[in-house]
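In what follows, a single structure is set out as structure tokens and then discussed.
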Amino acid sequence: MINALGLLKRRRFLPLFTTQFLGAFNDNLFKTSMVLFATYEIFADERQESFFNALAAALFILPFFLLSALAGQLADTTDKARIIRIVKIAEVGIMALGCSGLLLARTGQVTLPVVMMLAAVVGLGIHSTFFGPIKYAILPQHLEEEDVLGGTGLVEAGTYLSILLGTIVAGFIYRSIAIVAGVTFVVAVVGYFIARKIPPAPRLGPPVPLDLNPFRASWRLIGATLHIPRLFLAICAISFFWTIGSVLVVIFPPLVKNVLTADASVASLVLGIFSIGVAIGSVVINLMLRGHISARFSPASVIAMGGAVLAFWFVVTGWEVAPAGTLYDIPRFIAHPGAPLVLVTLLFVAIFGGMFVVPLYAFLTTTVPKDQTARTVAANNVVNAGAMTIGSVAVAAVTALGATPSQLLLLVAGMCLISAWIAQKLHRACD
């Protein structure tokens, strides 16, 4: 672990880590501010809130499904550092659009601001689609093989710590739209200048012909990747993990408001605790594996995650709600006798999730030649996006039929068992 943390001193890693950290912070500051604003200021119905959150999640994921193949081709045939700089410039314009929508919403308008905010969510999805393959694929190019797992764990931990920071900050400033706009714009500009410090990562293999047909390119990309058994199993396991994550993220704000009867600051706290847990799990699994890429702890980790989800469900179903017409703020929520169990069970859901997924990403970047890593991660993103879209649509559908957020937690627990079965097959095939 000391060696892994030492990567933060290297110029070949620190600018990438910082760029990713700031980008994830900005994405989540905006998205969380938008969701909390919509949940607590625009809508006043549990089903509308859940539907809006599911729609926003699906729109964010859609570019991963349509554009990941192109992103992977570009990353394997172009200097990855150059693509990062272009992506960071685009982030500035995306934040300007989204925050303009938030500012309009404060004037009492609904339709146009919601459209603008959701358009910004699509833009952030495109931004992440092109950055996603690079942040993992560049690691084997800039790091020694024995440092790849540690670098992957640090990127994951840093990502979730930045999600934590963005989520917590959003919980306190989402009503101050001018502050949200100013912070996101400044962070986007700072991220661009730091991205300029990332060392070049030029193409390693022969040129890759670009296929601009998103469906054909995605099909060919997946077909060229999933015939490798360990990649197929790793991608399937990661896809189930992110489907679980998408369901949890969609249901958390309505669950906090309508089941735990708490305000937006508590919703931010809950999402933040989840981020802390994944970051902890990302670091712990690297310590347990001692830098060796293996799936041997993944089945037990995701089974433990499912058990923690069931414990979380049990705690929230017995929750004593706030008096009618009021919501718990953070001090009153913390003082609630059930709050420690809520936070601890949620923390363990996230810790075991982080322990499950980090080795799987390391499989993606070390199984194939270095000149194919971006396309491999892109293929993973296409499959992940399809699974997460199905998850978001399923949440919207069952919510429309009357399912409550607390009932959806049981669906999540069942999905953990499927993930454990896939992870066990990967462990047997590779270890």
Tell me which residues, restricted to the stretch 398-431, are among the small types (Gly, Ala, Ser), modelled with pLDDT under 75 and under 19 Å from Leu310 (Cα atoms).
Ala403, Ser406
Would you mind telling me which numbered condition in (1) at pLDDT below 75; (2) open to solvent by 50 Å² or more (accessible area, probe 1.4 Å) Phe185 fails?
(1)
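Can Ile390 be described as surrounded by fewer than 18 Cβ atoms within 10 Å (Cβ to Cβ), under 29 Å from Pro254 (Cβ atoms) and modelled with pLDDT under 80? Show your work before the answer.
Values: surrounded by fewer than 18 Cβ atoms within 10 Å (Cβ to Cβ): yes; under 29 Å from Pro254 (Cβ atoms): yes; modelled with pLDDT under 80: yes.
Considered against the rule, which asks whether it is surrounded by fewer than 18 Cβ atoms within 10 Å (Cβ to Cβ), under 29 Å from Pro254 (Cβ atoms) and modelled with pLDDT under 80, Ile390 comes out as yes.
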Filter the stretch 253-263 for residues that are open to solvent by less than 10 Å² (accessible area, probe 1.4 Å) and either assigned to a helix (DSSP H, G or I) or touching a helix residue (DSSP H, G or I) at 6+ places or on another chain (Cβ under 6 Å) (or both) and give the result.
Pro253, Pro254, Leu255, Val256, Ala262
Among the candidates Val412, Val321, Val344, Val315, residue that is touching a residue at least 40 places away in the same chain (Cβ under 8 Å), on the phi < 0 side of the Ramachandran plot and part of a helix (DSSP H, G or I)
Val412
Among the listed residues Arg220, Arg203, Arg216, which satisfies the condition of being among the basic types (Lys, Arg), in contact with a Ser or Thr (Cβ under 8 Å, 6 or more places away or on another chain) and farther than 16 Å from Val412 by Cα?
Arg203
Odd one out for Tyr40, checked against (1) open to solvent by less than 10 Å² (accessible area, probe 1.4 Å); (2) modelled with pLDDT under 85
(1)
Tell me which of these Trp319 doesn't satisfy, since it passes every other one: (1) open to solvent by 10 Å² or more (accessible area, probe 1.4 Å); (2) touching a His at 6+ places or on another chain (Cβ under 9 Å); (3) closer than 19 Å to Tyr361 by Cβ; (4) not β-branched (Val, Ile, Thr).
(3)
Those residues of the stretch 188-222 that are within 25 Å of the chain's Cα centre (by Cα) and either aliphatic (A, V, I, L, M) or not in a loop (DSSP other than H, G, I, E, B) (or both) come to a total of 17
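If I ask for residues that are open to solvent by less than 10 Å² (accessible area, probe 1.4 Å) and part of a helix (DSSP H, G or I), which ones from the stretch 275-298 would you list?
Ser275, Gly277, Val278, Ala279, Gly281, Ser282, Ile285, Leu289, Ser298
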From Val302, Val250, Val266, which residue is within 30 Å of Arg175 (Cα to Cα), open to solvent by less than 40 Å² (accessible area, probe 1.4 Å) and modelled with pLDDT of 75 or more?
Val266
Which of the residues that make up the stretch 395-431 are among the small types (Gly, Ala, Ser) and open to solvent by 40 Å² or more (accessible area, probe 1.4 Å)?
Ala397, Ala400, Ala429
Only one of Leu118, Leu112, Leu124, Leu104 is at pLDDT 85 or above and open to solvent by 10 Å² or more (accessible area, probe 1.4 Å); which?
Leu118
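The values are calculated or read from the model by the stated rules, or taken from the named source; none is laboratory data. Just so we're clear, the structure is a prediction, and the values are computed from it rather than from any experiment. Cβ sites come from the backbone with ideal geometry, for glycine too, and all protein chains shown count toward neighbours. The protein model used for the area step is the full one, side chains on, heavy atoms only, and it has no ligands, DNA or RNA in it. Shrake-Rupley method; radii C 1.70, N 1.55, O 1.52, S 1.80 Å.
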